[in-house]
1. Pull out the extension gain between F59 and V85, defined as 0.36 nm times the separation in residues minus the alpha carbon to alpha carbon distance; nm, one decimal.
2. Where does each of M75, M45 land when they are ranked from fewest to most other beta-carbon atoms within 10 angstrom?
3. Which length gain, in nm to one decimal place, applies between R24 and I76 when the Cα-Cα distance is subtracted from 0.36 nm times their residue separation?
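Since every read-out is calculated from the coordinates, none of them should be taken as a lab result. Everything numeric here is computed off the predicted structure, so don't read it as measured data. Cβ placement follows ideal geometry from the backbone for every residue including glycine, while neighbour counts extend to all protein chains displayed.
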Amino acid sequence: MRRHVHANNRLPAITWVMPPSDSRSLGLLIVSAGAIAIVVGLIVMRGGFGWFGHLPGDFQVERPNVRFYFPLGSMIVVSVVLSAVSYVIRRFF
């Protein structure tokens, strides 16, 4: 596959300009995500998610020379939560 190259042997620059109204909502979304991340981080630091990683479906095998941990149940919970958050963001923004 060949790319078109301009006379000065450089690829054209790709620019993306957002209208002012969209940049404001994007900024609000980024600030909101940061605030949520801070709150979740504080909850984790306080031990609020001590149950996480010890759910049914989290496989843990310990042998004398091997330790294997596969958090399947926790990954399913994370997937469902992130899917719900993604749905809400796409629905309202």
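1. That pair, F59 and V85, stretches by 6.7 nm at full extension.
2. Ranking M75, M45 by Cβ neighbours within 10 Å, fewest first, gives M45, M75.
3. The R24-I76 span can extend by a further 15.4 nm.
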